[in-house]
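Participant: Quick one: structure below, then a few questions.
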Amino acid sequence: MSRSVHCPFILCFAVALVFAIASTACNSYTKPTSEPPPASTGTATGPSTSDIMTRFYSLDRGRDSVLRMKVKIAGSGGGVETGTPGQVEVSLYNKRTAGGGRLMLIEFLSPAQERDRDALITITPKDEVEGIRYVQSNNSFLVTKGVTNEDALFGMTIQELADGQPEKYDYTLIGQQELGPWEVYKLEGKLKPDAESKFARVTLYLSKDSYAAVGAEFYDSRNELLRRLTVSKLELISGHWTRKQWTLENPARNKRLEFETVDARYDQGLSDAIFSRDHLKKLATK
């Protein structure tokens, strides 16, 4: 069946599947390849920065996952851009490679006219990122590389699809507070030397109970807030803390995405063939 081609590259929307989407499963973060940061001084009332981050990274133990989500798209004032669907439904296939990289396939399920936006994402162990979409009109593949490129439609970076890549930052515990229904540790992350990112600083909020990320704020080098992630519901599914409902705001572009995970499955033994160009083309032409 023929479909029209949409110009904006949805790769980074998949990204918005926030901080990822892959990060819908809180244990899908990529573990840092370097040694953890030096431990901050612990107190009698709580653990050190190093202890907290070790617990956070230890959530990362899934081999693969299949997540199905509904995403509402709107401006911060509630309006929707002309040509932008008010809601989409997507499936995200996510698999860790033997060498420590990641493979992702984003399949748009509805509305039907959005299915041209299906995309493959490959993240190497060296954090090299490649996104691919099949263009049916000229029987070719559109390729985007790099973590800081922004998609014109939703204004999200590939880094956000890669779960925000928290391993690129050195963290310091700066407080404890309430955030929605959770008691959280508040940590400030500063970008490591030579690390590539649009975000020079990140504030990370980790639940004291699960150590899952339930909130985050991303800032540029001028200390301007670029993104805000807010989780409203977590659920333990097959031993994996999973985001069931959350929002991602992009103040600079007046964008707001509201996510709901309707199905989550883990350790499914996904074949590498799912993440191939041939499979991507079949999805676009079925």
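Participant: How much net charge surrounds L234 when only the other residues with a Cβ under 9 Å from the Cβ of L234 are counted, with Lys and Arg +1 and Asp and Glu -1?
Facilitator: Around L234, the charge tally is +2.
Participant: Still on this structure, please answer the following. Ranking V143, V66 by Cβ neighbours within 10 Å, fewest first, what do you get?
Facilitator: Numbers: V143 12, V66 18.
The most exposed by this proxy come first: V143, V66.
Participant: Additional query: In what sequence do F141, F108 fall when counting other Cβ within 10 Å, fewest first?
Facilitator: Numbers: F141 12, F108 22.
If I rank by nearby Cβ atoms, fewest first, I get F141, F108.
Participant: A further question follows. R55: net charge of surrounding residues, Cβ under 12 Å, Lys/Arg +1, Asp/Glu -1, itself excluded? Walk me through the intermediate numbers first.
Facilitator: Values: positive: K208; negative: D51, D60, D209.
Taking every other residue near R55 into account, the sum is -2.
Participant: Taking only the C-alpha atoms, wrap a convex hull around the range 238-286 and report its volume per residue in Å³ as a whole number. Walk me through the intermediate numbers first.
Facilitator: Working: hull volume 7.8 nm³, N = 49.
Enclosed volume per residue, from the Cα hull, is 160 Å³.
Participant: I need the per residue convex hull volume for the range 156-276, using only the alpha carbons, in cubic angstrom as a whole number.
Facilitator: Dividing the Cα hull volume of the range 156-276 by its residue count gives 140 Å³.
Readers should treat all values here as calculations from the given coordinates under stated rules, not as data from a laboratory. None of these values were measured; they are calculated from a predicted model. When we count neighbours, we look across all protein chains shown, and the Cβ atoms used for this are built from the backbone with ideal geometry, even at glycine.
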